[in-house]
Every structure is written in C-alpha cells, then in structure tokens.
DNA sequence: AGCATTTTTCACCGGCGGGTGTATAAAAGA
DNA sequence: TCTTTTATACACCCGCCGGTGAAAAATGCT
C-alpha cells in the first residue's frame with residue numbers, strides 16, 4: 001500500500017528515553033532527539049506527534065522497565081525484608097553502570113516544570129505510589145511473619161520511599177559513591193532495627 | 001561626578017537569587033531576571049557582567065544566608081545532638097514558608113549542567129563539605145560528652161549530610177509534607193539510637 | 001552654563017528553540 | 001506501468017535566547 005518505515009519504533013523510543021533520562025525534558029531539544037535516534041525531523045513528528053507526546057511514551061516505558069528491574073522483586077507474593085535490602089543495594093550499585101549516574105527518570109521528572117502538566121503528574125504520582133505500595137507489602141509481610149500485627153508498616157514504607165527517591169536524586173549530585181553507599185546502609189540498618197524490635 | 005544608580009545592588013542581587021532559587025539557572029532567562037529585579041537590560045549587564053557572573057554572586061549570597069540560618073547553630077562551640085535535631089526540624093518546617101517549596105539553591109544547582117563549570121563546582125563542593133563538617137563537629141562533641149571515643153562520627157556525619165541534601169531535593173517533589181516529616185523523624189531516630197548505643 | 005562621566009532606554013544582533021510545508025522517493029495494488 | 005499512499009529530506013517559520021551599540025538623561029565639577 002505504501003512506503004514502509006526505515007526504523008523500528010520501539011528502538012527509537014528506547015533511544016529517546018535515554019536522551020530524556022540523561023538530560024531531562026526541558027534540556028532536551030528536538031535536535032538532540034534527532035541525534036539520539038537517527039530520525040529526521042519530519043519522520044519524528046509523523047511517528048510521535050510532538051516532543052511532549054514522545055516524552056509521555058518514554059515515561060511509560062521507563063516505568064515498566066524499572067518496575068520490572070526493581071519493584072517486581074518486592075511485589076512478589078513472598079517478598080520480605082531480604083528483598084527490600086537486595087533491591088535497594090542493587091539501585092545503589094547500578095549507579096556505577098551504564099546510565100547509572102542518571103538515577104531515575106521519573107524522580108527527576110517530578111522536579112521539572114513539566115511535572116505540573118496533568119498527564120505527567122499522573123504518571124509520576126502513580127509510580128511513586130507503586131513504590132510505596134511495594135515497600136508496604138514487603139515490610140508488612142516481614143512484620144507478620146514475626147507476629148507483630150500492630151507494627152508501623154506505614155511509617156516504614158513511607159520512610160523507605162523517601163530513601164529510594166533520595167538515592168535516585170542524590171545519584172546526580174557530586175557526592176561520592178561511598179557516601180551514597182553509607183547513606184543506604186544506615187537507612188537499611190534503621191529499617192532492620194525497627195523491624196526487629198519496636 | 002556622574003549619574004547615580006537608581007537601584008540598590010544588594011537588593012537586586014537578593015531578588016535575582018530568589019529567581020534562580022525558584023527556577024534554577026538554565027530555566028531562568030535574562031528577561032526573567034529583568035522582571036524579578038526591575039532593572040533594564042543594559043543596567044543589568046553593566047552592574048553584573050553577565051548572567052553567569054550574577055549567578056555566582058547569588059550562590060555566594062545564598063551560602064552565607066543558609067550557613068547563618070542552619071549551619072551556624074551546629075558549628076557553635078558547644079553544639080551537640082540537640083542542635084542537629086533542631087536544625088533539621090527547622091529545615092523541614094521551613095518548607096511551608098516563603099520559598100520553602102524550593103529547598104536549597106545549592107543542592108539544586110549541584111544537579112544542573114552548569115555545575116560542571118569549575119567556578120560553580122567549587123562553590124557546591126565547599127558548601128557540601130561545610131555541611132559535613134558541621135555535622136561531624138556536633139555529632140563528635142555529643143559522642144565525646146558521652147565518652148565514646150571510638151565511635152562512628154564519620155559515618156553518622158556522612159549519613160546526615162545525605163539526609164539534609166535529600167530533604168532539600170525532596171522538597172521540590174510532589175511528595176506530601178507528612179512523608180517528609182516522617183522521613184526526617186526516622187532519620188533522627190536512627191541517629192539518636194546509634195549515638196545512644198553502639 | 002557647559003563639560004565629563006556614568007546610567008538608563010531601546011532597538012537590534014545572530015543563534016537556537018519547537019514545529020511545519022513542500023517536494024521527492026519508495027512501496028503495494030490495479 | 002500507473003496510481004495511491006506513506007516516509008523521507010530539507011528548507012523554512014516565528015519566537016525567545018543571551019548579549020551589544022548608540023544615543024539620551026542625570027548628576028558633579030569648574
């Protein structure tokens with residue numbers, strides 16, 4: 001019927017996400033996206049509408065990737081304190097890998113002006129609440145296992161949510177990796193000791 | 001001898017700082033600065049050179065103001081755990097006041113592209129290390145008072161540095177104030193318990 | 001008053017921002 | 001082969017960006 005596309009939409013989206021990830025929305029120009037994806041101007045607009053729409057798609061992709069890599073382990077039926085600890089340690093360790101210095105795209109986005117737009121805000125809020133629910137589930141189960149029905153799972157889940165988001169935000173700071181590791185380990189010590197004894 | 005200025009340089013600097021504070025460096029245009037200060041284009045360039053130079057001055061002003069408001073209490077000769085706690089609580093409480101949702105200018109700056117420029121990087125680093133030293137001093141004194149010479153003042157100071165910067169960064173996030181208060185209180189609980197007992 | 005000096009006003013510059021219109025190229029069906 | 005449909009290449013649009021030039025206005029000094 002017509003001329004076929006010369007690019008794979010999913011791969012382009014992945015590259016675009018990488019660009020937003022490292023520079024943020026406001027500081028990514030359409031020229032940057034062309035460079036990152038290899039697409040021409042018009043092909044880009046034909047396929048994705050505009051910069052904003054592409055960004056929303058990138059946010060969704062990121063949420064599904066990171067949900068899989070980090071949150072899924074804590075959302076498992078039998079997840080407990082061990083899973084919380086390993087996930088958090090993986091996050092900090094990942095800072096040393098590819099794109100690691102970039103932290104979490106959604107956490108950064110939450111601090112950009114574009115986060116005021118409803119379609120963005122909704123995505124940020126739902127990701128954040130997914131984080132909190134994941135912690136609540138795992139921590140709650142750990143407390144149940146130790147037969148502490150009246151324990152502060154709410155408080156601890158909210159605390160760990162703050163820690164997780166902080167780690168992502170601190171990742172883009174000149175603070176040394178040592179300090180981040182120490183920060184995380186102390187937070188986990190606190191979590192552990194509050195679970196051990198009320 | 002010559003025509004006098006129609007503005008007070010210090011007041012203008014303060015207003016400019018406010019603008020950078022709420023929007024950051026990259027997202028503040030010279031037009032924004034004109035609006036915020038009331039100056040005309042050329043007056044502005046005559047007085048401050050350019051946007052970058054003005055920003056450096058704003059950073060210095062901010063460091064001295066915040067150093068006074070927060071760090072000074074912990075840097076006092078006899079400061080201990082009580083001062084650490086009250087300073088941190090003040091920071092979180094300040095989020096509800098004027099400019100409160102903006103957190104700390106220097107913390108935000110550390111995550112902007114301009115932080116790569118040496119003159120900026122140096123200011124950020126020195127402010128961060130001042131924070132860490134302030135914590136180290138107060139926590140160290142508290143530990144001495146309780147006769148714990150072999151205690152982990154280093155670790156705890158680094159931890160609290162992470163907490164302080166996190167609070168500033170989280171301030172610009174859609175997270176609820178409740179969550180921030182809880183995050184801080186748990187961190188202080190951890191600090192207190194690690195000081196109490198090794 | 002007249003001059004020297006500085007500040008202010010305002011028009012202007014080239015460059016880059018997001019986004020579009022047009023012409024051409026490539027495929028499928030007839 | 002010819003038509004239809006869609007994708008590409010590329011020139012182009014206007015508005016905002018940081019920064020500047022030139023002339024007017026306001027002062028102190030003589």
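Counting partner chain Cβ atoms within 10 Å of every residue's Cβ in B:109-119, what's the average?
Working: counts 0, 5, 10, 3, 3, 0, 3, 1, 0, 0, 0.
Counting Cβ atoms of other protein chains within 10 Å of each residue's Cβ and averaging gives 2.
From the Cα gyration tensor of chain A, with a ≥ b ≥ c the square roots of its eigenvalues, which class applies: rounded if a/c is under 1.5, or else prolate if a/b is larger than b/c, or else oblate?
Values: a/c = 2.59, a/b = 2.10, b/c = 1.23.
Because a/c hits 1.5 or more and a/b exceeds b/c, chain A counts as prolate.
Using Cα pairs closer than 8 Å and at least 6 residues apart in sequence, work out the relative contact order for the stretch B:114-193, in percent. Can you show the working numbers first?
Numbers: 31 pairs, mean separation 18.7, N = 80.
It comes to 23 percent, rounded to a whole number.
Select from A:113, A:174, A:149 the residue whose mean-square fluctuation is largest in a Gaussian network model of chain A (Cα-Cα springs shorter than 10 Å).
Looking only at A:113, A:174, A:149, the biggest GNM fluctuation is shown by A:174.
Taking the Cβ of each residue in A:77, A:9 as the centre, tally the other Cβ atoms inside 10 Å and list the residues starting with the fewest.
Details: A:77 6, A:9 11.
Least crowded to most crowded, the residues run A:77, A:9.
Where does the stretch A:68-142 land on Rg(C-alpha)/(2.2 N^0.38 Å)?
Numbers: Rg = 13.8 Å, N = 75, 2.2 N^0.38 = 11.3 Å.
The value comes to 1.22.
Inter-copy label distances at residue A:189, 7 Å along the Cα→beta-carbon direction, one decimal in nm, shortest first?
Here residue A:189 shows inter-copy label distances of 1.7 nm.
Evaluate E = 1/(1 + (r/R0)^6) for residue B:122 and residue B:42, where r is the Cβ-Cβ distance and R0 equals 25 Å; express this FRET efficiency to the nearest 0.05.
0.25
Could you work out the mean count of beta carbons from other protein chains within 10 Å of each residue's beta carbon in A:164-173? Don't skip to the end; give the middle numbers.
Values: counts 0, 7, 9, 2, 1, 9, 7, 1, 5, 10.
Across A:164-173, the average partner-chain Cβ count within 10 Å equals 5.
Let me know the shape class of the stretch A:94-183, please: from the alpha-carbon gyration tensor, a ≥ b ≥ c as square roots of the eigenvalues, rounded when a/c is under 1.5, otherwise prolate if a/b is greater than b/c, or oblate.
Working: a/c = 2.81, a/b = 1.36, b/c = 2.06.
Cα axes put the stretch A:94-183 in the oblate bin.
Enter the mean number of other protein chain beta carbons within 10 Å of the beta carbon of each residue in B:184-197, as an integer. Kindly include the intermediate steps, with their values, before the conclusion.
Values: counts 2, 2, 12, 7, 0, 4, 8, 2, 0, 4, 4, 0, 0, 0.
The mean count of partner-chain Cβ atoms within 10 Å per residue comes to 3.
Does the protein assembly as shown classify as rounded, prolate or oblate by the C-alpha gyration tensor (a ≥ b ≥ c root eigenvalues; a/c under 1.5 gives rounded; else a/b over b/c gives prolate, otherwise oblate)?
On the way: a/c = 2.23, a/b = 1.06, b/c = 2.09.
Verdict is oblate for the protein assembly as shown.
Where the label is 7 Å out from Cα toward Cβ, how close does residue B:118 come to the same position in every other copy, in nm, shortest first?
Nearest to farthest, the other copies are at 5.1 nm.
For the stretch A:68-137, what relative contact order do you get, as a whole percent, if you take Cα pairs closer than 8 Å and at least 6 residues apart? Before the final figure, lay out the partial values.
Details: 33 pairs, mean separation 24.5, N = 70.
Rounded, it is 35 percent for the stretch A:68-137.
Taking neighbour counts of Cβ atoms within 10 Å as a proxy for exposure, in what order, fewest first, do B:62, B:135 appear?
Values: B:62 21, B:135 26.
Starting with the residue having the fewest Cβ neighbours, the order is B:62, B:135.
Which whole-number percent is the relative contact order of the stretch A:1-160 (Cα, under 8 Å, 6+ apart)? If you can, show how the numbers build up before the last one.
Numbers: 128 pairs, mean separation 38.6, N = 160.
Taking the mean separation of contacting Cα pairs over the length of the stretch A:1-160, I get 24 percent.
Please give the Cα centre distance for the stretch B:1-69 versus the stretch B:156-198, rounded to the nearest Å.
32 Å
Rule-based calculations on the coordinates, nothing more; no lab input. This structure is a prediction, so every number in the text was calculated from the model and none was measured. A quick note on method: Cβ atoms are made from the backbone with ideal geometry, for glycine too, and the neighbour counts reach across all protein chains shown.
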